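Here is the structure we will look at, set down as structure tokens.
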Amino acid sequence: MPSDASASADEARAIELLTRATHGRVATSMRAMPFVAPARHLVDDGRVLLRLHRGLGCHEACDGGVVAYGADNFGSGAADEWSVQLTGTATIVEPTAAQLTAFGPLPRQEDGEPFEAVYLHLEPQFATVHALDHTPAHGTAVVNSGERLFRHTG
């Protein structure tokens, strides 16, 4: 079991990494079934705010409930890729004018419907960071073949 210090260090690292990405996925349960939806996130003074499309309907299931939120930098081309997952309670909030500006413009549509924003505050209870290091080991040649990365030892 991690200590409180390591848990808060993990949360701080997760929050810091979230500032390097703009979008992720929020997961909740709707009618006893798992549901994952895309979301835009904003870290504002250590608080995690999510913007998602009201038309998906998952904001109602999220409000007052436990959700997971994940984001990553996969596909960025970085040598060190990471994935963050925050698990905690979400509540519907009205963002400030400054937060709305920081979120940036709304998408025009989601799934063919006009985008109508709803905002959630995520209060993390648990944070997990996974790190993938693609730096070649000593004596390893890396060959990039299209979208796949193959390692040859020699």
(request) With the checklist (1) surrounded by 12 or more Cβ atoms within 10 Å (Cβ to Cβ); (2) out of contact with any strand residue (DSSP E or B) (no Cβ under 7 Å at 6 or more places or on another chain); (3) not hydrophobic (A, V, I, L, M, F, W, C) in hand, flag the one item residue 38 doesn't pass. (result) (2)
(request) State whether one or more residues within the range 94-111 are within 17 Å of residue 30 (Cα to Cα) and modelled with pLDDT of 95 or more. (result) no
(request) Identify, from the list 57, 75, 46, the residue that is over 24 Å from residue 13 (Cβ atoms) and over 14 Å from the mean Cα position of the chain (by Cα). (result) 57
(message) Being over 18 Å from residue 106 (Cβ atoms), among the small types (Gly, Ala, Ser) and surrounded by 14 or more Cβ atoms within 10 Å (Cβ to Cβ) is the requirement here; does residue 61 meet it?
(response) yes
(request) Please enumerate the residues belonging to the range 64-110 that are open to solvent by 80 Å² or more (accessible area, probe 1.4 Å) and in a strand (DSSP E or B). (result) 66, 80, 85, 109
(request) Considering only the range 18-35, state which residues are open to solvent by 30 Å² or more (accessible area, probe 1.4 Å) and either within 18 Å of residue 124 (Cα to Cα) or in contact with a strand residue (DSSP E or B) (Cβ under 9 Å, 6 or more places away or on another chain) (or both). (result) 19, 20, 22, 23, 25, 27, 29, 34, 35
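The values are calculated or read from the model by the stated rules, or taken from the named source; none is laboratory data. Note that the coordinates shown come from a computational prediction; the quantities given were computed from them, not determined experimentally. Here the Cβ is made from the backbone with ideal geometry for all residues, glycine too, and neighbour counts use every protein chain on show. Keep in mind that these areas ignore ligands, DNA and RNA; they rest on the heavy atoms of the full protein, side chains included. Shrake-Rupley method; radii C 1.70, N 1.55, O 1.52, S 1.80 Å.
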